[in-house]
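Following: one structure in structure tokens, then a few remarks.
The values are calculated or read from the model by the stated rules, or taken from the named source; none is laboratory data. Nothing here was measured: the structure is a model prediction, and the numbers come from that model. Quick reminder, even Gly has a Cβ in these numbers, built from the backbone with ideal geometry, and neighbours come from all protein chains shown.
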Amino acid sequence: MTNIGVNRAVDCTCHVDAMIFAFECFHDGWGVVRLVGVPHKEVAFNTHLMNFLSGKTLKGAFFGNYKPHTNLPDVVKIYARKELELEKFIMHDGPF
């Protein structure tokens, strides 16, 4: 981590604690997190209201135009051929 926060984050875990961690790790005053995972419908996203009032932004995407049924196998093939280096996008592991 940077000790001052991050500017952008993407969370694809579907785990609400990871989503909250991604949102709360921003620098005070700015930052955008995009939540891509879909957690269980009963799960609540609990964070302090000041996180929103300080300028942090939370955005969600419910698959967007991505079609997992048809596109995900292609992504796995690209990764298996070592043409997609996912590891370089992982900068920090959160304590979940």
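Out of all the residues in segment 55-70, which are part of a loop (DSSP other than H, G, I, E, B) and at pLDDT 80 or above?
Passing the criteria: G55, K56.
Considering only residues that are at pLDDT below 80, under 18 Å from M91 (Cα atoms) and either among the aromatic types (F, W, Y) or touching a strand residue (DSSP E or B) at 6+ places or on another chain (Cβ under 6 Å) (or both), which ones fall in segment 10-35?
Listed by number, the list holds a single entry, F26.
Quick one: in segment 19-61, of everything that is among the small types (G, A, S) and touching a Gly at 6+ places or on another chain (Cβ under 6 Å), which residue is farthest from L86 (Cα to Cα)?
Checking each candidate, the answer is S54.
Restricting attention to segment 71-96, which residues are of a type in the set (A, V, I, L, M, F, W, C), loosely packed, with under 10 Cβ neighbours inside 10 Å and either in contact with a Pro (Cβ under 9 Å, 6 or more places away or on another chain) or not in a helix (DSSP H, G or I) (or both)?
I90, M91
Just for segment 21-52: of the residues that are β-branched (V, I, T) and within 9 Å of the chain's Cα centre (by Cα), which one is surrounded by the most Cβ atoms within 10 Å (Cβ to Cβ)?
Among residues in segment 21-52 that are β-branched (V, I, T) and within 9 Å of the chain's Cα centre (by Cα), the one surrounded by the most Cβ atoms within 10 Å (Cβ to Cβ) is V33.
How many residues are assigned to a loop (DSSP other than H, G, I, E, B) and modelled with pLDDT of 85 or more when one looks only at segment 36-54?
Counting residues in segment 36-54 that are assigned to a loop (DSSP other than H, G, I, E, B) and modelled with pLDDT of 85 or more gives 8.
For N7, work out the one condition from (1) surrounded by 12 or more Cβ atoms within 10 Å (Cβ to Cβ); (2) within 16 Å of F89 (Cβ to Cβ) it doesn't fulfil.
The single condition N7 does not satisfy is (1).
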